[in-house]
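The values are calculated or read from the model by the stated rules, or taken from the named source; none is laboratory data. Note that the coordinates shown come from a computational prediction; the quantities given were computed from them, not determined experimentally. Here the Cβ positions follow ideal geometry from the backbone for every residue, glycine too, while neighbour counts run over all protein chains shown. Just the protein is used for accessible areas: all its heavy atoms, side chains included, with ligands, DNA and RNA removed. Shrake-Rupley method; radii C 1.70, N 1.55, O 1.52, S 1.80 Å.
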Amino acid sequence: MNTEGFKRRLSAILSADVVGYSRLMGEDEAATVKTITAYREVVATLIKQHRGRMVDSPGDNVLAEFDSVVDAGQCAVAIQKEIQVRNDEYPEERRMQFRIGINLGDIIEEGERIYGDGVNIASRLEALADPGGICVSKTAFDQIETKLPLSYEYLGEQTVKNIAKPIGVYRVLMDSRVSGAVEKEKSDILTRSPNPFLAVAIVVFLIAIGFGLAYLLLRPAPPAPEPTSEKNVTSFTPQTRSIVVLPFVNVSGDPDQEYFSDGITEELIGALAKLEGLKVISRTSAFYFKGKDVDLRTIGEQLNVENVLEGSVRTADNQIRITAQLIKVSDDTPLWSESYNRELKDVFAIQEEISNAIVDKLKVQLLGGEPPTLIRPYTENMEARDWYFRGRSFSQRGDVIGPQRAIEFFEKAIEADPANAPAYVEFSRAYGMLASTGAILPREAYPRRKELIAKALEIDDKLADAYAELGELKANYEYDWKGAETDFKRALELNPGSSEIHSRYGLYLAAVGRMDEAIEEMERALELDPLSGPARSWLGMVLIQARRFDQALETLEKNLEPGLTSLIVRPWIARVYVEKGQYDLAITMIQEWTRQGRGHVSEAHLAYIYAKAGKKEDAWETLDALLQRIENGYFAPYSVAEVYSALGEEEKAFEWLERAYEERDPQQVGVKSNPAFDNLHSDTRWIQLLEKMGLVD
C-alpha cells in the first residue's frame with residue numbers, strides 16, 4: 001500500500017472479536033445475528049461513553065480508536081463486564097464471549113479508515129486473549145500500569161504473524177486484589193484472619209449522577225478523612241453504639257452471585273440504620289473496603305466506629321448458608337458469631353436474627369415506643385427478590401447504561417410480585433437518574449415516578465425511602481415545600497441513620513434558604529458515610545451556596561484524594577475558584593473534568609467560567625457550539641441560564657430560567673441560593689420567578 005501523503009499519528013487501538021462465532025452461526029444463524037447486533041450496540045455505546053470512535057464492525061469484529069490508552073483500557077473492562085452480565089440472559093450454548101486486544105502505536109489515517117502496524121498489533125493481541133479477557137501491548141501497559149485499578153500478568157515476548165519483532169504482552173487481571181493475588185475460598189466457615197476477604201470480587205465503575213464510588217475501589221486506603229465542620233475530632237474516639245457492616249463475602253464459587261451477597265449486606269445496613277441510638281455507617285463507605293486487605297482497627301479509625309459486622313454467604317440448590325460475627329475493633333474482641341444453614345426462602349428470618357443479636361450485644365436503647373421491625377419480608381417470592389437484587393446492583397453503577405438495565409430488572413421484580421414495595425421505589429430512582437442525564441425528559445419522568453411512589457406507599461406506608469423520594473418529587477416538580485419537608489421528616493423518623501436521606505433533606509433546606517440547618521444535615525450525612533465522595537461533594541456545594549468558600553474548598557479538595565473521588569467534585573471546586581477570582585485554576589479544573597467525558601455539561605461550566613473571567617469571546621464561542629449541538633435534543637436549560645447570567649445577558653438568562661422552570665429541570669430547585677444569579681436579584685423578574693416557585697419568604 002502506498003502511504004505517501006496519508007496522515008500518520010499515534011493512537012490507542014482496541015480490537016475485539018467473538019470467540020467461536022462461526023460455530024454459533026452454523027448452529028443458529030438467525031439467533032446469532034440477533035445477539036451480535038444487540039451486543040454491537042452495547043459495545044458502540046460504551047466506546048462512545050469512553051470518548052472513543054468506532055472505526056469498523058464487520059461481522060463479529062470491532063475496531064475502535066481512542067486518544068487515551070486509559071480510556072481504551074477502561075472501555076475494554078466495561079465491555080467485558082457488561083457482556084458477562086448480559087450472557088446470564090442466554091443459555092450457555094448461546095452465550096458470546098469477546099476477546100479484546102489494546103495497543104498504542106502509529107497508524108495511518110485515510111478518511112474514516114485507519115491502517116498500519118498499530119492496528120495489526122492490536123488485532124494480534126486480541127487473538128492472544130482468553131475468552132472474556134483482555135491483552136495489552138507493552139507500549140499500552142506502560143501508559144496504564146499505575147492509572148487503572150487492575151493487575152497484570154506478563155506473558156513475555158510473543159512472535160505474531162506479519163509483525164517483524166516480538167511484542168511484549170500483558171494479560172489484564174480484572175478481578176485482582178490489591179496484593180495482586182487471587183485466592184479461592186477453601187472453607188465453608190468464615191474465620192478471623194488478617195485478610196477475611198479471600199473470594200472473587202466484582203469491580204464496577206461508578207458514575208455519576210452523584211452517587212457511589214468510582215473505580216478507585218481497589219487502591220490503597222487513604223488517610224482517615226478529617227471532619228469538615230468546625231467540630232473537628234483529632235483522635236480516634238469511637239462511639240460504643242456504632243457499627244459498620246462490611247460487605248458479606250460471596251463464597252458460592254460463582255462470581256455471578258456477587259449481587260446476592262451485596263444485597264443481603266445492604267439490607268442489614270438498612271435495617272440497623274432504622275435504630276435510634278445506633279450509628280450505622282452507610283453503604284458507600286462500607287463497600288469501600290470490599291475485597292481489601294485492611295485490618296479492622298484501621299477500618300474503625302477511618303470510620304470512627306467501635307464495632308464491625310462481617311460475614312459470608314453461600315447459596316446452592318435452594319439452600320443458603322450465612323456466617324456472621326460481630327467484633328469490637330479496639331481490641332479485636334469477638335462479641336458474637338453464628339452460622340445459619342436454612343432454605344433460601346428463610347433468608348429474611350436469618351437477617352432478623354442477626355440484627356436482633358447486634359441490638360442485644362450493643363445494648364442499643366431504642367428511643368420512644370416499640371422497636372421497629374428491622375427486616376421486613378417485602379416479598380417471599382425468591383424470583384422477585386433475585387430480580388430486585390440484580391436491579392440494585394445496576395443502579396449502583398453510576399453510568400448511563402446502569403439505570404436503563406436496572407429498570408428492566410425492577411420491572412421483572414414487580415411482575416413476579418406486584419406487592420414488592422421497594423422495587424417501585426428503586427424503579428422511581430432509576431427514572432430519576434435517567435432524567436438527570438436527559439435520557440428522559442424531566443417533565444415526563446416526574447409523573448411516572450410519582451405513580452411508582454404512590455404504589456409503594458399504598459403497599460407499605462412505613463417505607464422511609466418512599467417518603468424521601470416523595471419529598472424530592474414535591475420539591476423539584478411541584479415546588480410544594482411544606483409538603484416536601486413533611487415527607488423528608490417522616491423519612492428520617494422511619495430511618496434516622498440513612499446518610500442519603502439526611503443529604504436529600506439537606507439539599508431541600510439549602511433550596512429554601514435555611515443554610516445553617518442544611519449544613520448541619522450534610523455534616524450528619526458525612527458522619528454516617530465518611531468515605532462517600534458524593535456526600536462530601538454535596539456538603540461542599542451547600543457551603544458554596546452559603547458563601548463559605550474557603551470551607552467549601554477545603555471540604556471539596558478532600559475528594560481529590562485516592563478513594564474519595566466523586567464525579568461532581570471538579571465543577572464545584574471550579575466554582576469556588578471562580579468566586580475567589582482564581583480563573584486559570586477554574587479553567588484547568590473543568591478541562592480535567594472534560595477529559596472524563598462529561599460532554600455538554602462540562603462545556604456549559606467552561607463557558608460560564610470564561611464569562612466570569614472576562615474571556616467573553618471564548619465564552620460566546622463555547623456557548624454557541626454547545627447550543628448548536630443541543631438544538632435537536634434536551635439539555636439542562638438551567639446551565640445555559642448560568643452562562644447568560646455570567647455574560648450579563650439578563651434577558652436571555654431569564655428566558656432560559658423560565659424554560660428551566662417549565663421543563664422542571666432538577667437543578668432549578670437550587671436557584672435561590674446559587675451565587676451565579678446574584679446579579680439578577682435586583683430585577684423584578686427575579687422576585688416573580690421565586691414567587692412562582694413558592695420561594696419568597
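A quick yes/no check of all residues on (1) more than 20 Å from the chain's Cα centre (by Cα); (2) open to solvent by 40 Å² or more (accessible area, probe 1.4 Å):
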position	(1), (2)
V249	yes, no
A271	yes, no
V280	yes, no
F287	no, no
E306	yes, no
N341	yes, yes
| note | Scanning the stretch 43-100 residue by residue, those part of a helix (DSSP H, G or I), open to solvent by less than 20 Å² (accessible area, probe 1.4 Å) and of a type in the set (V, I, T) turn out to be V43, I47, V69, V77, I79, I83
| field | Scope the stretch 605-622; condition surrounded by fewer than 24 Cβ atoms within 10 Å (Cβ to Cβ) and assigned to a helix (DSSP H, G or I); matching residues | value | K612, K616, E617, D618, A619, W620, E621, T622
| Within the stretch 4-16, is there a residue that is open to solvent by 40 Å² or more (accessible area, probe 1.4 Å), more than 29 Å from the chain's Cα centre (by Cα), free of Cβ contacts under 8 Å to residues at least 12 places away in the same chain and under 21 Å from E110 (Cα atoms)? | yes
| When residues of the stretch 135-154 are limited to those that are exposed (fewer than 14 other Cβ atoms within 10 Å of the Cβ) and in a strand (DSSP E or B), the one farthest from the chain's Cα centre (by Cα) | Y154
| task | Report yes if some residue within the stretch 683-694 is at pLDDT below 95 and within 26 Å of A552 (Cβ to Cβ); otherwise report no. | result | no
| task | Kindly provide the set of residues from the stretch 155-165 that are open to solvent by less than 70 Å² (accessible area, probe 1.4 Å) and either in contact with a strand residue (DSSP E or B) (Cβ under 9 Å, 6 or more places away or on another chain) or among the charged types (D, E, K, R) (or both), ordered by number. | result | L155, G156, Q158, V160
| request: May I ask you to verify whether D665 is surrounded by 14 or more Cβ atoms within 10 Å (Cβ to Cβ), in contact with a helix residue (DSSP H, G or I) (Cβ under 7 Å, 6 or more places away or on another chain) and in contact (Cβ under 8 Å) with a residue 40 or more places away in the chain? | output: yes
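The rows are residues; the columns are (1) assigned to a helix (DSSP H, G or I); (2) open to solvent by 50 Å² or more (accessible area, probe 1.4 Å); (3) out of contact with any strand residue (DSSP E or B) (no Cβ under 7 Å at 6 or more places or on another chain); (4) modelled with pLDDT of 75 or more.
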residue: K345; (1), (2), (3), (4): yes, yes, yes, no
residue: Q351; (1), (2), (3), (4): yes, no, yes, no
residue: N356; (1), (2), (3), (4): yes, yes, yes, no
residue: K361; (1), (2), (3), (4): yes, yes, no, no
residue: Q365; (1), (2), (3), (4): no, yes, yes, no
residue: E370; (1), (2), (3), (4): no, yes, yes, no
residue: L374; (1), (2), (3), (4): no, no, yes, no
residue: G391; (1), (2), (3), (4): yes, no, yes, yes
residue: F394; (1), (2), (3), (4): yes, no, yes, yes
| Since D106 meets every condition but one in (1) more than 13 Å from L46 (Cβ to Cβ); (2) open to solvent by less than 60 Å² (accessible area, probe 1.4 Å); (3) in a strand (DSSP E or B), which condition does it not meet? | (2)
| said: Looking at the stretch 571-597, I want the residues that are farther than 23 Å from H50 by Cα and surrounded by 17 or more Cβ atoms within 10 Å (Cβ to Cβ) and have a partner that is at pLDDT below 85 and of a type outside the set (F, W, Y) with Cβ atoms under 8 Å, at least 6 apart or on another chain. Which pairs are those? | reply: I573/L560
| query | Do any residues in the stretch 121-144 that are in contact (Cβ under 8 Å) with a residue 12 or more places away in the chain have Cβ atoms under 7 Å from those of residues that are part of a loop (DSSP other than H, G, I, E, B), where the two are at least six apart or on different chains, and which pairs are they? | reply | I121/I163; R124/V160; R124/K161; R124/I163; P131/V19; P131/Q97; G132/Q97; C135/A129
| task | State yes or no: is A31 farther than 24 Å from S137 by Cα, open to solvent by less than 60 Å² (accessible area, probe 1.4 Å) and not in a loop (DSSP other than H, G, I, E, B)? | result | yes
| Could you say which residue among R448, R429 is basic (K, R), in contact with a helix residue (DSSP H, G or I) (Cβ under 9 Å, 6 or more places away or on another chain) and within 18 Å of H502 (Cβ to Cβ)? | R429
| Quick one: which of S682, S673 is open to solvent by less than 30 Å² (accessible area, probe 1.4 Å) and out of contact with any strand residue (DSSP E or B) (no Cβ under 7 Å at 6 or more places or on another chain)? | S673
| query | Inside the stretch 438-534, counting only helices (runs of 4 or more DSSP H) that do not spill past its ends, which hold 2 or more residues that are farther than 18 Å from K274 by Cα and open to solvent by 20 Å² or more (accessible area, probe 1.4 Å)? | reply | 442-459, 464-473, 481-494, 515-528
| message | For the list (1) modelled with pLDDT of 85 or more; (2) open to solvent by 20 Å² or more (accessible area, probe 1.4 Å), I need the number of the one condition that V329 fails. | response | (2)
| query | Do we find a residue being open to solvent by 10 Å² or more (accessible area, probe 1.4 Å), closer than 19 Å to T315 by Cβ, among the charged types (D, E, K, R) and part of a helix (DSSP H, G or I) anywhere in the stretch 414-428? | reply | no
| message | Being free of Cβ contacts under 8 Å to residues at least 24 places away in the same chain and either over 19 Å from E126 (Cβ atoms) or small (G, A, S) (or both) narrows it down to one residue among E89, E109; which is it? | response | E89
